[in-house]
Ligand code: PAF
């Protein structure tokens with residue numbers, strides 16, 4: 001596995017592959033890998049001749065009050081995991097290379113970015129879109145793989161790729177969960193013991209909504225109320241940021257649930273803010 005830090009060298013490598021007729025898949029990450037990341041790498045490996053994995057803790061998607069400095073990092077372990085999953089190039093630029101002095105260009109998908117996570121993280125998706133567009137421009141991938149745990153991010157990047165005719169196929173990969181149902185996330189490492197014990201209840205609450213829907217309940221207000229009551233009892237350490245039932249592409253709130261509806265949440269638990277979602281049907 002090659003390790004590249006310079007965006008120009010990365011672009012040259014991808015151009016050479018393209019010229020040789022080899023397809024390129026990009027897996028954008030911020031590192032500290034878990035099995036969710038590995039499933040992205042494996043999906044990329046299956047679907048393209050060459051796999052580029054970017055590892056960059058992108059400062060522009062963190063607000064000044066957020067966890068940029070504390071964000072977990074383990075480059076040596078990440079290298080081994082990437083290599084073990086058949087990654088061809090680990091692209092790990094520095095912030096100075098990605099955002100040199102005077103950097104002043106931004107990308108936004110304002111409509112979708114204002115909803116859900118955007119309400120408490122109003123600048124987050126501007127940073128995500130900007131870095132992902134830069135990564136797309138550097139690597140010009142045929143395919144790019146993102147986890148469905150960050151459903152809103154995936155919807156926004158799909159919209160950006162379509163609206164800007166980027167010619168990259170944006171693929172969503174299913175959430176990978178711990179045995180007890182907790183969605184895997186690098187931020188799970190922030191959880192204390194009691195918080196970790198309660199964290200699987202986030203998923204269990206969303207699963208309750210699926211069960212109620214399967215039994216015939218379609219009123220969004222009732223589904224949300226039942227989840228909230230469940231969490232009040234089972235997740236007392238949690239503080240719900242939002243809990244919504246939305247259309248999976250427009251992310252607009254829906255009053256009446258359909259099998260395609262998405263139940264989506266963000267919950268503060270200790271130092272972590274955890275997100276999760278499920279399609280109802
Ligand atoms: O999902 C992430 O890890 C990040 O938001 C991404 C897509 C790598 C952009 O920094």
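The values are calculated or read from the model by the stated rules, or taken from the named source; none is laboratory data. All figures in this text were calculated on a predicted structure; none of them were measured in a lab. Backbone-built Cβ (ideal geometry, glycine too); neighbour counts: all protein chains shown.
Table for the structure above
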{"item": "Sole exception among (1) exposed (fewer than 14 other Cβ atoms within 10 Å of the Cβ); (2) not in a helix (DSSP H, G or I) for residue 68, by number", "result": "(1)"}
{"item": "Residue satisfying condition, being at positive phi, out of contact with any strand residue (DSSP E or B) (no Cβ under 6 Å at 6 or more places or on another chain) and touching a residue at least 12 places away in the same chain (Cβ under 8 Å), within set 270, 216, 281", "result": "270"}
{"item": "Single condition residue 170 does not satisfy, out of (1) within 12 Å of the ligand (Cβ to nearest atom); (2) in contact (Cβ under 8 Å) with a residue 40 or more places away in the chain", "result": "(2)"}
{"item": "Members of region 97-111 that are outside any loop (DSSP other than H, G, I, E, B) and within 16 Å of residue 132 (Cα to Cα)", "result": "97, 98, 110"}
{"item": "Positions within region 160-187 being outside any loop (DSSP other than H, G, I, E, B) and more than 21 Å from residue 54 (Cα to Cα), in sequence order", "result": "162, 163, 177, 183"}
{"item": "Residue list for region 14-40, filter: out of contact with any strand residue (DSSP E or B) (no Cβ under 6 Å at 6 or more places or on another chain), under 16 Å from residue 143 (Cα atoms) and in contact (Cβ under 8 Å) with a residue 60 or more places away in the chain", "result": "15, 18, 23"}
{"item": "Only listed residue being out of contact with any helix residue (DSSP H, G or I) (no Cβ under 7 Å at 6 or more places or on another chain), closer than 22 Å to residue 271 by Cβ and within 13 Å of the ligand (Cβ to nearest atom), chosen from 77, 73", "result": "73"}
{"item": "Meets criteria (more than 12 Å from the ligand (Cβ to nearest atom), in contact with a helix residue (DSSP H, G or I) (Cβ under 8 Å, 6 or more places away or on another chain) and at pLDDT 95 or above) for residue 118", "result": "yes"}
{"item": "Yes/no for residue 110 being surrounded by fewer than 17 Cβ atoms within 10 Å (Cβ to Cβ) and more than 13 Å from the ligand (Cβ to nearest atom)", "result": "yes"}
{"item": "Restricting region 11-62 to residues that are away from the ligand (no atom under 13 Å from the Cβ) and in a strand (DSSP E or B), the residue that is farthest from residue 75 (Cα to Cα)", "result": "24"}
